[in-house]
1. Nearest 500 deg cm²/dmol is fine: what mean residue ellipticity at 222 nm does the chain get from its DSSP H runs of n ≥ 4 alone, each adding -39,500 (n - 2.57), divided by its residue count?
2. Below 13 angstrom from the Cβ of Val37, what's the summed charge of the other residues (Lys, Arg +1; Asp, Glu -1)?
3. Packing-wise, with mean Cβ within 10 Å as the measure, how do 333-342, 32-41, 296-305, 276-285 rank, highest first?
4. Any idea how many Lys pairs in the chain come in under 20 angstrom at the alpha carbon, given 8 or more places apart or on separate chains?
5. Out of these labelled values of percent of Cα pairs over 27 Å apart, [x] 66; [y] 52; [z] 59, which was calculated from the coordinates shown here?
6. Would you mind calculating the gained length between Arg164 and Asp302 on full extension (0.36 nm times residue separation, minus the Cα-Cα distance), in nm to one decimal?
7. Which listed residue (Thr12, Ala260, Ile207) has the Cα farthest towards the positive end of the charge dipole for the chain, taking +1 on Lys and Arg C-beta and -1 on Asp and Glu C-beta about the Cα centre?
8. With θ set to phi - 60°, apply the Karplus curve 6.51 cos²θ - 1.76 cosθ + 1.60 along the range 150-165 and write out the HN-Hα couplings as whole Hz, x wherever there is a Gly or Pro.
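What follows draws every value from the coordinates through simple rules; no lab data is involved. Since we're looking at a predicted model, the values are computed, not measured. Counting neighbours? That spans all protein chains shown, and the Cβs are built from the backbone with ideal geometry, glycine included.
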Amino acid sequence: MVILGSTGSIGTQAIDLVLRNPDRFRVTGLSAAGGRVGLLAEQAHLLRVGTVAVAREDVVPALREALSAQYGAGETLPEILVGADAATHLAASDCHTVLNGITGSIGLAPTLAALEAGRTLALANKESLIVGGPLVKALAKPGQIIPVDSEHAALFQALASGTRADVRKLVVTASGGPFRGRTKAELADVTPEAALAHPTWAMGPVITINSATLVNKGLEVIEAHLLYDIPFERIEVVVHPQSYVHSMVEFTDGSTMAQATPPDMRGPIAIGLGWPERVPDAAPAFDWTKASTWEFFPLDTDAFPSVGLARHVGQLAGTAPAVFNAANEECVDAFLNGTLPFNGIMETVTKVVAEHGTPRTGTSLTVPDVLDAETWARARARELTAHTTATATATTTAEARA
């Protein structure tokens with residue numbers, strides 16, 4: 001297999017799984033952005049990979065030095081691929097499975113390359129589907145994509161319990177983030193520090209803020225629609241604070257199949273890497289001798305409008321989801337920098353989506369179309385957040401003078 005994004009959260013956990021199962025998995029290549037060359041070199045040596053890819057050309061000297069420090073005399077250093085297309089070239093290399101653990105829409109090109117090369121794609125890069133859904137679906141053969149997100153790995157397993165014709169609806173669970181139960185008015189003064197304090201999962205800043213706004217659930221609804229061809233009106237979101245049940249499938253006979261494990265991403269990663277076989281002891285199991293309480297609550301769509309907006313852009317399709325995702329990332333940055341209020345994230349994203357209008361869709365959709373839409377959305381979101389900041393500053397100054 002090849003692991004893209006090997007120094008990130010998904011990548012490091014996947015490598016832990018590989019090292020604990022050397023008889024089942026062999027890694028031939030690793031890719032990373034280049035921010036942690038010491039770790040990348042250590043991983044390359046531990047796994048004896050043939051190729052290492054880095055996006056940043058400026059880190060190559062440091063990477064060569066780190067690799068030389070890891071490898072002993074007489075050991076052959078791996079080949080180094082460098083540049084923005086390095087991960088894409090690695091994704092098309094000779095292997096069985098590509099785990100795409102890259103964060104962001106830069107993961108789209110490697111996803112397309114892996115699919116076109118006929119590799120099994122263990123997909124943790126949700127942006128591939130969000131921004132390039134039609135492109136990905138046009139290339140993917142049945143069963144070629146195995147989802148690695150906990151929610152979609154859960155749906156993937158639960159759907160195996162029946163035929164697609166027997167599915168009534170998909171139920172995607174959400175922890176509710178750190179602000180579950182708060183009203184929209186109570187969210188107005190939320191600080192970045194509070195939003196980054198997720199009650200269940202340890203994630204990067206953008207994903208953690210997306211969990212606080214529930215944008216991540218909106219993205220997962222779009223993903224579920226694209227992965228499983230279930231209409232948006234038959235995909236629901238329910239709040240489940242314990243994060244034990246990762247998602248559910250309700251069948252037409254009234255039965256509901258729920259996939260449940262303690263919160264741990266190594267389970268979904270193992271599904272992505274090993275399916276249709278299971279990897280023993282990939283992740284912890286429940287101790288059923290201990291009492292526990294599992295709760296489920298309806299989603300507050302007024303306080304968290306992100307899921308409804310995501311449904312809307314998902315139904316528009318084409319470039320609309322790319323605009324939604326890109327605008328959100330810019331707004332999250334503005335919020336983390338203290339220049340946009342918490343509720344302003346979705347208010348601004350809604351404006352950008354509305355201004356985008358009718359998206360580019362159909363079989364003529366191309367990767368440049370998607371990237372152009374993203375570029376426009378980011379620029380427009382920055383303009384709107386800058387205006388919000390200027391307005392707020394002017395208001396504060398006027399109040400102080402009064």
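1. Theoretical 222 nm ellipticity from helices: -14500 deg cm²/dmol.
2. -1
3. Those peptides, ordered most packed to least, come out 32-41, 333-342, 296-305, 276-285.
4. Details: Lys126/Lys137; Lys126/Lys141; Lys126/Lys217; Lys169/Lys217; Lys184/Lys217; Lys184/Lys351; Lys217/Lys351.
Lysine pairs satisfying the spacing and distance rule in the chain number 7.
5. [y]
6. 46.5 nm
7. Of the options given, the answer is Ala260.
8. In residue order, the calculated couplings are 4, 5, 7, 5, 5, 4, 4, 6, 5, 5, 5, 7, x, 8, 4, 5 Hz.
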